[in-house]
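Please read the structure below before turning to the comments.
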Amino acid sequence: MASAGGEKQAPAVRVLGLRASPFVIRVLIALKLKGVEYEFVEEVVSKKSELLLTSNPVHKKVPVLLHHGKPISESLNIIQYIDEVNPSYIPTCPNAFGPTLRRQDIGGIQVMRGVMEGNKDEAAGQMATALEHLESALALVESRHGKEHGYFGGDGIGYLDIVLGSYVGWFRAMEKITGNGILDEAKFPRLHSLS
Ligand SMILES: N[C@@H](CCC(=O)N[C@@H](CS)C(=O)NCC(=O)O)C(=O)O
């Protein structure tokens, strides 16, 4: 949209990111679920833009969501913000899942590092532990909702589904690289069906 003076106005919502980052992907999933239009601004890690450095001056990391120029950083905060600003509802995960969620995030990063640095079996073991927690969380939801293979919040896609979903592409790539099944169907039937 052009202003009266003819200059181009910045879109209401912009995401500073890297396409391959699970932290960025989860934000894009949340925006897509809410039907929010946005402009994606691709960053280059070795040459971060001035906009990124001023928007996230402490950590200097992506994603950053800019809403009418106001920067929000940290992917989990951004998803919550998107949910608050938009009327339709993303079910949040019960508080008890918080530690699991963080563990899974840490596990995901460790596997990526492990694959790159060579200690992939150890990293895959840590990831398996995090996934075991998530599988039992899904089993708990199932027992409460009496439904097989639902989402973490029951019927609809919620916060935790988005966060975990942002890793699926990486899980698939890591399975190819390591030759190990990460979301193994026999071990994690519920997580497997979500992926
Ligand atoms: N806790 C942060 C992690 C974000 C993060 O680690 N982003 C990476 C990309 S995957 C990044 O910006 N790396 C650039 C750097 O560390 O300089 C979040 O959830 O947003």
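The values are calculated or read from the model by the stated rules, or taken from the named source; none is laboratory data. This structure is a prediction, so every number in the text was calculated from the model and none was measured. Methodologically, a virtual Cβ is constructed for each residue, glycine included, from the backbone with ideal geometry; neighbour enumeration extends over all protein chains shown. Surface areas here come from the heavy atoms of the whole protein model, side chains and all, with no ligands, DNA or RNA. Shrake-Rupley method; radii C 1.70, N 1.55, O 1.52, S 1.80 Å.
Summary table below
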| read-out | value |
| --- | --- |
| Pair Ala173, Ala10: separation of 7 Å Cα→Cβ label points (nm) | 2.8 |
| Sites His145 and Val44 - FRET efficiency at Förster radius 35 Å, r taken between beta-carbons, to 0.05 | 0.20 |
| Which listed pairs, of Lys48/Lys187; Lys70/Lys176; Lys8/Lys48; Lys8/Lys34; Lys8/Lys61; Lys32/Lys60, have C-alpha distances above 29 Å, in listed order | Lys48/Lys187; Lys70/Lys176 |
| FRET efficiency, 1/(1 + (r/R0)^6) with R0 45 Å, evaluated for Arg19 and Asp121 via beta carbons | 0.95 |
| Percent carbon-and-sulfur accessible area, segment 13-85, ignoring ligands, DNA and RNA, probe 1.4 Å | 55 |
| Virtual spin-label span in nm between Leu53 and Asn86, 7 Å along Cα→Cβ | 3.2 |
| Rh (Kirkwood; distinct C-alpha pairs) - segment 13-85, Å | 11.9 |
| Exposure rank, largest accessible area first [His145, His68, His133; 1.4 Å] | His68, His145, His133 |
